[in-house]
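Report on one structure; see the data block that follows.
Taken together, the values in this text are just the output of simple stated rules run on the coordinates, not laboratory data. These numbers come from a predicted model, not from an experiment. Methodologically, a virtual Cβ is constructed for each residue, glycine included, from the backbone with ideal geometry; neighbour enumeration extends over all protein chains shown.
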Amino acid sequence: MPYTAVWDILMYIVLPLWVLAGFAVYCCHRATDIEHANGAKESALHWLMLGEVGVPILAAVFLKLNALLFLFMTVCLIAHEITGHVDLKLAMATRRVTAFEQQVHSLLEVLPLAALLLLALLHWPQAQALFGFGTAHADFSIALKEPPSVQALIPPAIGFAL
């Protein structure tokens, strides 16, 4: 994969922000004693949301990105939004949800969309083909990616060659 500014934004801005937002919401939940407010219900919703974003991330890491994968990621993103809505309704009905926690939840909603859009830019022909645009044919196969070389894993900014 070519080393591009889009890739930099995805890897060094979007993903770290996503992890930090996840940690921040964990801290918010700890502060509001979530385990006694909602117990297993909210916990189950959080595990479901983790799966709805975690499985597409793993798929993007190990599988070739094509129309099928973009369709799968889009379905998971929509499911994540629906589950997030149900989670927030439950939380607001049973415990105090601060403005800060709501802001963090907003990040956890928009960052998966940002990641999907950035991946679409990196694999634009297949993203277009999913909707019948462009010159490429939509690829609905499942195939593992070729493992990257060590050189491909090291950003050029480090300044040395292996």
*Set the Förster distance to 30 Å, then compute FRET efficiency between Asp8 and Arg96 from the Cβ-Cβ distance, nearest 0.05.*
0.20
*GNM, the chain, Cα, under 10 Å: largest mean-square fluctuation among Leu116, Leu58, Leu15?*
Leu58
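Using the membrane-span-like helix rule (whole DSSP H runs, Cα extent along the own axis of at least 30 Å, mean Kyte-Doolittle hydropathy at least 0.0), which helices of the chain qualify?
Details: long enough: 40-62 (32 Å, 1.13); 67-94 (40 Å, 1.41); 99-122 (34 Å, 1.53).
Going by DSSP H runs, the hits are 40-62, 67-94, 99-122.
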_So for the chain, averaging the separation of alpha carbon pairs under 8 Å that are six or more residues apart and normalising by length, what relative contact order in percent results?_
34 percent
*Inverse of mean 1/r across different Cα pairs in region 1-102, Kirkwood, Å*: 15.4 Å
*Amide proton proximity set for Leu63, modelled H, under 5 Å, gap of 5+*: Lys145
*Per residue and in cubic angstrom, what volume does the convex hull of the Cα atoms of region 81-162 have?*
198 Å³
_What whole-number distance in Å separates the alpha-carbon centres of region 32-61 and region 94-131?_
16 Å
